[in-house]
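Engineer: Input: one structure, supplied below.
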Amino acid sequence: MNLRSLLGQAAGSALLVLLAACGGGGGEIAPASTYTVGGTVAGLATGAQVVVNNGGTDPLTISANGAYTFANQVVSNGTYAVTVTTQPTGQTCSVANGSGAGVTANVSNADITCSDISYAVGGTVSGLGSGQQVTLSNNGVVANVTADGSFTIPASAPFNGTYAVSVTTQPTGQTCTVSNGIGAGVTADVTNVAVACAVDTFTVSGTLSGLASGQQVTLTNNGGDAVTVSADGSFTFPQSVAFNGGYAVVVGTQPTGQTCTVSSGVGAGVTSNISDVTVACSTNTFTIGGAVTGLASGQQVTLVNAGGMADQQTVTADGSFTFGTPVAFNGSYAVTVATQPTGQTCTVSNGSGAGVTANIANVTVNCSTNTYTVSGTVAGLAGGRQVTLRNNGANPTTVNANGAFSFSTQVAYNGAYAVTVGTQPTGQTCTVSNGSGTVTGAVTNVSVTCSTNTYTVSGTVNGLTTGQQVTLNNAGANATTISFGGSQNFSFTVNYGGNYTIQVGTYPTAQYCTVASGTGTNVTANVTGVSVSCRALVAYVINKNDATVQWLNVASDGSLSVGGGLATGTAGAVPQGIAVDPARKFLYVANSGDANVALFTINADGSLTAGATTASPALTSPWGVTVDPTGSYLYVVDRDNGAGSSVVSQYAINSTTGALTPLGTPTVTVPNRPHYVTINAAGTFAYVAEWDNAQVSVYSISGGSLSASPVSTAPAGNSPLSVTLDASGTHAYVANYGDGTVSQYTVAGNGALTPMSTATVAAGTSTWPVTIDPSGRYAYVANAGSDNVTQYSIDASTGALTSLGNAAADFGPQGIAIDPRGTNVYVVNGNHDSVWRYTIGGGGTLTHPGGASTTTDAFPFSIILTTVR
């Protein structure tokens with residue numbers, strides 16, 4: 001209560017007292033007409049005074065507790081109104097029963113009670129949590145505050161006293177602090193006390209261990225509030241955690257190369273400081289791994305990482321793998337294969353590295369089945385040849401020299417290999433040893449052995465007389481003896497590409513064996529059909545003066561014996577030419593005196609049976625008679641076919657009877673009195689030496705007929721007599737009767753003759769036709785005028801003749817025959833009626849053994865040797 005209120009109350013009391021004195025009260029009041037108004041003062045502070053008033057006109061100052069009475073009385077039946085007009089300093093006095101009316105007696109209960117003035121102490125509360133309350137007290141007065149805003153602690157600060165506001169009960173989980181809460185000399189309400197409430201906070205701390213020297217780790221709490229720690233020991237986050245809050249300590253930034261892990265780092269409902277967070281740091285480690293591919297089923301590969309602590313890892317199937325021991329930060333790794341799977345090789349890619357800062361997952365181990373070369377050696381392969389080998393029917397490998405070989409395609413482990421010959425070398429057969437098996441490593445022992453193919457050259461010996469034997473050889477080797485007579489088979493072995501020449505090594509007694517189809521070159525298959533015919537060798541001599549054909553047997557030693565005296569029939573007058581067909585069935589004699597050609601059949605014993613003679617075309621002076629190499633045609637040179645002209649008459653031969661039939665062009669004019677016609681081995685050209693013209697004319701042959709005129713000519717010597725071709729048909733020789741020389745030529749493909757650089761070589765006098773021995777190495781010429789035989793060697797390449805000198809002969813030698821064995825030369829001596837036999841020496845020279853002479857009939861002119869059929 002303020003001073004103004006107290007004064008107002010005193011005035012009112014005085015007024016009441018005054019009214020009462022002016023006639024108030026009832027009839028029953030005591031005789032006094034006025035009455036006192038008073039009461040008791042209590043609570044007035046020592047030294048204090050209070051001014052009261054009754055009715056507003058009777059002030060009374062009271063200085064002590066006890067009874068008081070206004071000086072002015074209230075009239076009977078009057079009123080009173082006691083009020084405090086002036087409060088005591090620091091106190092407030094209040095009046096009880098202080099007013100009334102109809103006063104009829106003294107009023108003594110207008111009690112005044114004084115009490116010390118207390119001021120409210122208040123202010124504002126902030127931060128108080130919802131649903132919370134804080135209890136504040138001041139000088140023992142308590143106030144409960146439940147929300148932010150103003151608060152008042154009523155009558156809690158005495159006048160001129162002190163105040164000290166404090167929190168007696170904190171809100172749950174908060175702490176309220178008082179500002180401006182203490183003061184003294186209080187004379188008015190205090191309104192500036194500030195109570196700030198904040199949620200209780202608690203420190204979060206712990207210890208760090210394992211941090212590497214020089215490193216630091218940054219920790220965070222609840223996603224913020226970072227603290228950086230650079231050494232082992234304790235740490236505390238700078239920010240506390242609110243009451244009942246949570247904490248979540250994590251590593252914000254790991255130390256380089258380390259990983260720190262937090263234990264006891266998470267919690268909620270915090271009501272006290274947290275100090276048990278543990279951070280343990282360890283050096284980072286990283287796994288080393290990758291993938292294996294290509295590992296065969298049932299196999300395993302052992303890998304090792306030696307980039308640090310060795311660690312093995314056995315992998316049994318394709319897929320990922322990881323080593324059990326990790327690698328430290330900044331460490332290295334080196335993955336290698338410790339044990340390969342059986343039959344496979346695994347290779348490592350991306351298998352090594354250093355400065356590891358992350359897990360390694362890209363090591364690649366590629367396994368592939370081992371493959372091995374299959375190789376070996378080739379032996380026996382001929383020079384210039386090649387063999388193609390195959391493995392498992394494929395991968396052809398061509399080997400062209402002896403020595404090592406290797407297939408380009410390898411064979412997988414445990415696979416099969418089968419080496420075969422794909423293409424044999426030309427003319428050889430290669431066989432394979434150690435050529436197949438199962439591969440478990442490199443195969444090096446395959447052996448291919450090549451041998452030259454051999455082929456048989458076989459045939460039959462026919463006509464061998466019972467009890468006789470013949471020795472055959474192949475070009476002088478591999479002799480085989482056939483005996484017992486009759487028909488016998490034989491066989492020789494010849495290497496691929498080789499040549500064969502089946503020869504008679506030793507003849508049977510009194511027989512001569514000829515070989516048909518007995519030579520060949522470049523053998524590539526078995527040869528059959530060689531025919532060896534053993535027959536009696538006979539000589540036929542025509543005797544000009546008695547017109548006979550004499551039959552002579554030739555013994556195995558070459559000696560002659562008269563086989564049957566004169567032939568069955570005479571040859572004809574003045575026989576000049578003689579020829580036997582290649583089949584040895586027929587003998588033909590040109591008789592110039594009878595102007596015909598006589599036909600004889602050759603019998604098995606060599607005897608002759610006369611046949612028909614030619615009737616047309618008409619002949620005048622037939623001289624030389626020639627059968628072509630096929631036995632199909634016969635040619636007769638008619639030296640003087642009327643009016644001094646010369647012709648060649650042309651006939652077809654009946655292969656069964658031997659009879660002659662003129663060709664469509666029966667004759668061809670050949671001028672200048674030729675004596676003989678020579679047919680080349682192919683039957684394509686005819687050669688005629690022109691006696692009167694010193695030249696040789698060459699005619700082409702078609703269908704057995706000579707061309708109407710020469711296709712070429714070549715010069716010859718004086719009175720050329722005949723043309724002789726060597727076996728190859730590439731060289732020709734002409735005996736020049738008139739000048740005793742032999743002209744020599746090379747033969748072109750068109751049949752033309754070209755004189756050699758030495759066009760002629762010397763012979764004797766009156767030179768007769770050139771005869772070449774079966775070997776082709778020697779040539780012989782009978783010189784009728786000089787009674788000798790000129791001997792020549794033949795150059796194998798050029799065909800040129802070189803004289804070996806002369807061998808003596810009997811009187812008037814003319815015709816020459818050489819036995820097919822090449823061992824004997826027979827010369828008829830026309831003026832001595834004999835045949836001389838010579839043996840051929842190693843150098844081609846002739847020797848006339850003593851007694852080697854056979855008497856003939858009159859004037860033997862020509863001789864021919866042949867075997868009977």
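Engineer: From the residues Y333, A779, Q744, which one has its Cα farthest along the dipole of the chain in the positive direction, the dipole being from +1 and -1 charges on Cβ of Lys/Arg and Asp/Glu about the Cα centre?
Structural biologist: Working it through, the farthest residue towards the positive pole turns out to be A779.
Engineer: Which of the peptides 320-332, 582-594, 100-112 is most tightly packed, and how do the rest follow, judged by the mean count of other Cβ atoms within 10 Å per residue? Can you show the working numbers first?
Structural biologist: Numbers: 320-332: 17.4, 582-594: 21.9, 100-112: 19.4.
Per-residue mean Cβ counts within 10 Å order the peptides as 582-594, 100-112, 320-332.
Engineer: Can you give me the C-alpha center-to-center distance between segment 216-280 and segment 594-667, rounded to a whole angstrom?
Structural biologist: 141
Engineer: Packing-wise, with mean Cβ within 10 Å as the measure, how do 442-454, 531-543, 180-192 rank, highest first?
Structural biologist: Descending packing order for the listed peptides: 531-543, 442-454, 180-192.
Engineer: While we're on this one: Based on the mean of other beta carbon atoms within 10 Å per residue, what is the order of 65-74, 755-764, most packed first? Display every interim value, and only then the final one.
Structural biologist: Details: 65-74: 19.5, 755-764: 17.2.
Per-residue Cβ counts within 10 Å, averaged per peptide and sorted highest first, yield 65-74, 755-764.
Engineer: Going by a ≥ b ≥ c, the root eigenvalues of the Cα gyration tensor, does segment 515-663 fall in the rounded group (a/c under 1.5), the prolate group (a/b larger than b/c) or the oblate group?
Structural biologist: Working: a/c = 2.38, a/b = 1.40, b/c = 1.70.
Oblate, because a/c is 1.5 or more while a/b does not exceed b/c.
Engineer: May I ask you to evaluate 6.51 cos²θ - 1.76 cosθ + 1.60, the Karplus curve with θ = phi - 60°, for each residue of segment 357-372 and list the ³J(HN,Hα) values in order in whole Hz, giving x for glycine and proline?
Structural biologist: After applying 6.51 cos²θ - 1.76 cosθ + 1.60, I find 10, 7, 4, 9, 10, 10, 5, 10, 10, 9, 9, 9, 5, 4, 10, 10 Hz.
Engineer: Among C197, C93, which comes first, then next, by fewest other beta-carbon atoms within 10 Å?
Structural biologist: On the way: C197 21, C93 27.
Lowest to highest Cβ neighbour count: C197, C93.
Engineer: Here's another thing I want to ask about it. Could you give the Stokes-Einstein D for the chain in µm² per second, using the C-alpha Kirkwood radius, 20 °C, 1.002 mPa s? Mind showing how you got there, number by number?
Structural biologist: On the way: Rh = 43.2 Å.
Rounded, D is 50 µm²/s.
Engineer: Calculate, in nm to one decimal, what D232 and N273 gain on full extension: separation in residues at 0.36 nm each, minus their alpha carbon distance. Mind showing how you got there, number by number?
Structural biologist: Working: separation 41, 0.36 × 41 = 14.76 nm, distance 2.09 nm.
This chain segment gains 12.7 nm when fully extended.
Engineer: Sticking with the crude label model, points 7 Å out along Cα→Cβ, report the distance from T253 to T802 in nm, one decimal please.
Structural biologist: Here the answer is 11.4 nm between the modelled labels.
Engineer: Need the C-alpha centroid separation for segment 97-139 versus segment 474-523, integer Å.
Structural biologist: That distance is 169 Å.
Engineer: Give, in nm to one decimal, the length gained when the segment between A762 and A748 is fully stretched (0.36 nm per residue of separation minus the Cα-Cα distance).
Structural biologist: Values: separation 14, 0.36 × 14 = 5.04 nm, distance 2.43 nm.
Length gained, A762 through A748: 2.6 nm.
Engineer: Still on this structure: Which value, in debye to the nearest 20, describes the size of the charge dipole of the chain about its Cα centre when Lys and Arg Cβ atoms bear +1, Asp and Glu Cβ atoms bear -1, and nothing else is charged? If you can, show how the numbers build up before the last one.
Structural biologist: Details: 13 positive and 31 negative charges, 238 e Å.
Around 1140 debye, computed over the chain.
Engineer: Could you quote the convex hull projected area for segment 118-199, Cα atoms only and averaged over all directions, in nm²?
Structural biologist: Details: hull surface 16.6 nm².
So the mean shadow area of the Cα hull is 4.1 nm².
Engineer: Further question on the same structure: So what are the ³J(HN,Hα) numbers for segment 784-791, from phi and the Karplus equation (6.51, -1.76, 1.60; θ = phi - 60°), rounded to whole Hz, Gly and Pro as x?
Structural biologist: With coefficients 6.51, -1.76 and 1.60, one gets 5, x, 10, 6, 8, 10, 7, 10 Hz.
Engineer: Also: At what distance in nm do the modelled label points of D318 and N362 sit from each other, each positioned 7 Å from its Cα along Cα→Cβ?
Structural biologist: Roughly 2.2 nm, to one decimal.
Engineer: Out of all DSSP beta bridges with both ends in the chain, state the antiparallel percent to the nearest 5. Don't skip to the answer; put the middle values down first.
Structural biologist: Numbers: 252 of 280 bridges.
Bridges in the chain are about 90 percent antiparallel.
Engineer: Would you mind ranking W551, W623 so that the residue whose beta carbon has the fewest other beta carbons within 10 Å leads the list? Walk me through the numbers on the way to the answer.
Structural biologist: Numbers: W551 25, W623 21.
Going from least to most buried by this count: W623, W551.
Engineer: Could you work out the relative contact order of the chain? I mean the mean sequence separation of Cα pairs under 8 Å and 6+ apart, divided by the number of residues, in percent.
Structural biologist: Values: 2711 pairs, mean separation 39.9, N = 869.
Computed value for the chain: 5 percent relative contact order.
Engineer: Sticking with this structure for a sec: Report, for segment 118-199, the % of DSSP beta bridges that are antiparallel, rounded to 5. The partial results should precede the final answer.
Structural biologist: On the way: 23 of 28 bridges.
Roughly 80 percent of the beta bridges in segment 118-199 run antiparallel, per DSSP.
Engineer: So what's the gap between the Cα centers of segment 286-353 and segment 812-869, to the nearest angstrom?
Structural biologist: Centre-to-centre distance over Cα atoms comes out at 102 Å.
Since every read-out is calculated from the coordinates, none of them should be taken as a lab result. Keep in mind the model is a prediction, meaning the values are calculated, not measured. All Cβ positions, glycine included, derive from the backbone under ideal geometry; neighbour counts span all protein chains shown.
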